[in-house]
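Student: Have a look at the structure that comes next, please.
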Amino acid sequence: MSHTSTIVVRLSGGLGNQLFQYALGRSLYLSGGRRVLYDLDFFERKEGDHIKRSYGLGHFGVECERASSWDIAHARHRGSWIRRTLHAIRPGLAPERPVNDTPDMRFDPAILAIKGSAYLDGYWQSEHYFDRIADQLRSELTRWEPGDARTNEWASIIGSVMAVSLHVRRGDYVSHRAAMEHFVTCDVGYYAAAMEFMQQRIPDIHFFVFSDDHDWARDHLPRSSAISFVDHTGPDTAHHDVRLMSLCRHHIIANSSLSWWGAWLGRTSEQNVVAPRFWFKDPMINAGFQLPPSWTRI
């Protein structure tokens, strides 16, 4: 066991959330001087109130060294073996001291300046946590593993046209109580306005639809431009969706971290990205949540 200063980042949620959590950890690691480990226990929990998710970062060729139970306990007490011992005797004597995301998900620069050991528990959904390593991170996360035949076929088609990714996220947003209470669901009006925005600026565009509800998308999306539905993927192959989204030249994202990453990883100087104005039902979170300034909110 080592008493080296260690950061433990908790991984949780779907692939998009995991990418934000990894990106923060990578940023802290590259700033030097500390080990960065990852708590993967979330993916082994029995399904309760949370939605069952799979660990997905292995598909990106990144290494997330797993924190042991000792590492986690050490970090949750900010590296104090005295507090950890007292907690083991009687938890009330020394409560754990994890570092949590801000309630409104606003960027907190203090996280990047944190000293000593710490356990980071949150979603960290701001590029400011990793913009200082943006080029390196983008390079690392686009070293794609070989795709299956269908994914490679879609990649070839996307590369041959003026491709615009369009992500329709419904799934748990319309079926899981906690998600329904937390997230706005993008409606037909949003997608129609976003598609019109692209059509007015870009000639001969071809929309590629990524969704967890292709039936809804086929029934409701306007058909005034060429449109294809990339429907060969599922919850355990979301990395293929991110890869194919990133290959598109422009993006219409949902209020989803998955399509956020599809747009961010595929960034070019001339790309247009349209994002929903409101992501959350809580106005406090909407006020704090930030998107890259070059993206257009509708």
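The values are calculated or read from the model by the stated rules, or taken from the named source; none is laboratory data. Because the structure is predicted, anything quoted here is derived from the model rather than measured. For neighbour counting, all protein chains shown are included, and Cβ atoms are generated from backbone atoms with ideal geometry for every residue, glycine included.
Student: For the stretch 234-262, which residues satisfy the criterion of being farther than 22 Å from Pro276 by Cβ and among the polar types (S, T, N, Q)?
Tutor: Correct list: Thr237 only.
Student: Condition first: more than 28 Å from Pro146 (Cβ to Cβ), at pLDDT below 95 and out of contact with any helix residue (DSSP H, G or I) (no Cβ under 8 Å at 6 or more places or on another chain). Now tell me which residues in the stretch 218-248 satisfy that.
Tutor: Within the stretch 218-248, Arg223 is the sole residue that qualifies.
Student: Can I ask one more? State which residue is modelled with the lowest pLDDT when the search covers only the stretch 11-57 and only residues that are touching a strand residue (DSSP E or B) at 6+ places or on another chain (Cβ under 6 Å) and surrounded by fewer than 20 Cβ atoms within 10 Å (Cβ to Cβ).
Tutor: For the stretch 11-57, the residue satisfying everything is Arg34.
Student: So, restricting to helices (runs of 4 or more DSSP H) that lie completely within the stretch 234-298, which ones have at least 2 residues that are within 16 Å of the chain's Cα centre (by Cα)?
Tutor: Hits in the stretch 234-298: 238-247, 257-265.
Student: Something else about it: Across the stretch 186-220, what is the total count of residues that are buried (at least 17 other Cβ atoms within 10 Å of the Cβ) and within 19 Å of Arg277 (Cβ to Cβ)?
Tutor: Total meeting the criteria: 6.
Student: Also, quick follow-up: For a quick check of your reading of the model, give me the residue pairs whose first member lies in the stretch 60-80 and is in contact (Cβ under 8 Å) with a residue 12 or more places away in the chain, whose second is surrounded by fewer than 13 Cβ atoms within 10 Å (Cβ to Cβ) and not aliphatic (A, V, I, L, M), with beta-carbon atoms closer than 7 Å and at least 6 apart or on different chains.
Tutor: Gly61/Arg143; Gly61/Glu145; Arg78/Gly116; Gly79/Gly116
Conditions tested, residue by residue: (1) outside the structural domain of Ala194 (by TED's automatic domain parsing); (2) crowded, with 18+ Cβ neighbours inside 10 Å.
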{"position": "Pro103", "(1), (2)": "yes, no"}
{"position": "Pro109", "(1), (2)": "yes, no"}
{"position": "Leu112", "(1), (2)": "yes, no"}
{"position": "Tyr129", "(1), (2)": "yes, yes"}
{"position": "Asn152", "(1), (2)": "no, no"}
